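Peer 1: Quick one: this structure, given as structure tokens, is what I'll be asking you about.
Every number here is computed from the coordinates shown, using simple stated rules; none is lab data. Computed from a predicted model, the values in this text were never measured in an experiment. We place every Cβ from the backbone using ideal geometry, glycine too, and count neighbours over all the protein chains shown.
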Amino acid sequence: MCRTGCPTQDHKSYAECARGLHLNSGALLTTAQKKHDSELNAYEKARSEGIQPMGTKAAQIELANRVSDATGVAFGA
């Protein structure tokens, strides 16, 4: 019983077919962790410059940095 998109259709079970895909969920976790760490580092850098972003997400930090640059005053949410 293979998944629909299996090219060989010769696996004994769905799980065996899925294992044949060689999915690397560790790579997905590593990427998510790197993004998270990057956002926290950017937030920490902004805070060390006196900027208070509205949150720790990249878009919020970038907005706070742009506003600070444009106004010449540290953004404070």
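Peer 1: Check GLN52: other-chain or 5+ apart residues with amide H under 5 Å from its amide H, H built from backbone geometry?
Peer 2: Counting only residues 5 or more places away or on other chains, the set is PHE75, GLY76, ALA77.
Peer 1: P(r) of the stretch 14-71 in 5 Å steps, Cα pairs, percent per bin?
Peer 2: Final binned percentages: 4, 18, 19, 13, 10, 8, 7, 6, 6, 5, 3, 0.
Peer 1: Given a Förster distance of 25 angstrom, what is the FRET efficiency for VAL67 paired with THR31, based on the Cβ-Cβ distance and rounded to 0.05?
Peer 2: The value I calculate is 0.30.
Peer 1: A further question follows. Using Cα-Cα distances under 8 Å and only pairs 6 or more residues apart, what relative contact order does the chain have, in percent?
Peer 2: 18
Peer 1: Add -39500 (n - 2.57) for each DSSP H run of 4 or more in the chain, then divide by its residues: what number comes out at 222 nm, to the nearest 500 deg cm²/dmol?
Peer 2: Dividing the helical sum by the residues of the chain leaves -18500 deg cm²/dmol.
Peer 1: May I pose another question? Identify all lysines with a Cα-Cα distance to LYS57 below 27 Å; exclude those on the same chain that are fewer than 8 residues away in sequence.
Peer 2: Within the straight-line limit of under 27 Å, LYS57 reaches these lysines: LYS34, LYS35, LYS45.
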